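For reference, the structure discussed in these notes is given below.
Laboratory data are not the source of any read-out in this text; all were calculated from the coordinates shown. Because the structure is predicted, anything quoted here is derived from the model rather than measured. Because the Cβ atoms are built from the backbone with ideal geometry, glycine has one as well, and the counts that use them run over all protein chains shown.
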Amino acid sequence: MPKLRPPATRKTTGARLAAAFGAILALALVSACTAPGAIETDIDDRAEFVDTDDRLNVATTFTILADMARVVGGDRVQVESVTTPGADVHYYEPTAGDLRRVENADLVISNGLGLDDWLLRFIDGTGAQHLVTTDGIEPEPVRSGNSVGRANPHAWMSPTDGATYIRSIADALGEIDPAGAAYYTANADDYIAELEDLAERARASVATIPPERRVLVTCEGAFSYLARDLGLEELYLWPVNSENQGLPRQVTALIDEVRDRDVPALFCESTVSGDAMEQVATESDSRLAGLLYVDSLSAETGPVPTYLDLLDHDLDTITRELTS
């Protein structure tokens, strides 16, 4: 059973807004200094929650968690992601609309492990229960850079840990809405069965890759959990998006490693620039083979509109390109 964080003591609306705007301004100033490569997103014109029926209002910090909540919650919930498709959750700058969206939620779902701590700046004073989906997951440590030893936050990239996310969401919804508990559990069971089938197919595909080629080279070290599950060695330019991206020493070190290991294919993620990895590919006689998705789903008409689509796309791209 997940440990829901209880709602904080409610403040007056004026106090909440004042505190939130102060936090948002402070976060924007910090981001301007520390995240020069952050991806800009379109103006957010989404509607806020409207209490027109008995469904639970669920707010999540990013789109992958929103998709999980929609599948598990079905027609008993309405779900909104604070960040929009294509946004970089590492550098997100909350808005006043985000505050109102979270304020009107019955349940707020975040990842934890430092990924979406910006949420904590303005969740205080809301009446929402708070679920941290990585509670209970054994974190993989960051193994290089300024964040060495800290928890790598990308646990959802493991189908095994992804199942833990899904089960925690079902338990949390059932705790808030006991009448729907069996419904949420059944949805989670079906969802996890699909996830396990996908993972089994991925393991079979990796088994066809020659052992010396079982090396996954990406821009960001966001695949530690997936690499662990599949028996892949992970190499990358920078550990997490809070690090400097593509410094000359990082590029040079990776060029040498890729050349020495004769790695046939390199990859980069959808929310970051691939320029540095393109240089690695050119100078190591490898190739930048495909775009991977990690921190965000695409729009509904894009290549990865769901969590299962994201994992399926990434696994297919990785195994296809490493065996080609």
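Worth pointing out:
- Here the gap between residue 312 and residue 96, fully extended at 0.36 nm per residue and compared with their Cα-Cα distance, gives a gain of 74.3 nm.
- Considering only 297, 237, 258, and ranking their Cα positions along the charge dipole of the range 209-323 that arises from unit charges at the beta-carbon of Lys, Arg, Asp and Glu, the one farthest toward the positive end is 258.
- Residue-span extension gain [residue 120 to residue 54] - 0.36 nm each, minus C-alpha spacing: 21.0 nm
- If the chain linking residue 207 and residue 257 were pulled fully straight, counting 0.36 nm for each residue of separation and taking away their Cα-Cα distance, it would gain 15.7 nm.
- Ranked from largest, the principal axis spans of the Cα set of the range 209-323 equal 39, 32, 22 Å.
- Projected label distance in nm at residue 148 and residue 197, using a 7 Å step from Cα toward the beta-carbon: 4.4
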